[in-house]
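Q: Handing you this structure, nothing more for now.
What follows draws every value from the coordinates through simple rules; no lab data is involved. This one's a predicted model, so the numbers in the text were calculated from it and none came from an experiment. Methodologically, a virtual Cβ is constructed for each residue, glycine included, from the backbone with ideal geometry; neighbour enumeration extends over all protein chains shown.
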Amino acid sequence: MGFRLPAIKSAKQKLQRSLSKGSSTATADVPKGYLAVYVGESEMKRVVIPISYLNHSEFQNLLSQSEEQFGFDHPMGCLTILCTAEVFVDMISRFSGSS
């Protein structure tokens, strides 16, 4: 699976616009080198993850699926991942163990 730079660039631009529209308190709890994503199906859960997770192929697959489902101009104004919160937390716990 290849890394699609134009899609990532587009997502980054949308995220920057989204962050500039939001309040500073919404981003105050996201440290440098991390990003907040929303995961879940019926109820969204906010998760703050290291940007290094963007390099993992499993995470890239989730981003591709989310792009197909939501596009990068999601009404919530944030990066939304298409999977259950439990599956996402299980996946990122494997990333932490492999580092």
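Q: Starting from the Cα of Gln65, step 7 Å along the direction of its Cβ; do the same at Met44; then give the gap between the two resulting points in nm.
A: 1.8
Q: Scan around Tyr34 for amide H atoms under 5 Å from its own, H built in the peptide plane at 1.01 Å from N, and keep only partners 5 or more places away or cross-chain.
A: For Tyr34, the qualifying residues are Ile51.
Q: Based on the Cβ-Cβ distance of Ser52 and Asp29, what FRET efficiency does E = 1/(1 + (r/R0)^6) give at R0 = 25 Å, to the nearest 0.05?
A: Values: r = 19 Å, r/R0 = 0.75.
Here the calculated transfer efficiency is 0.85.
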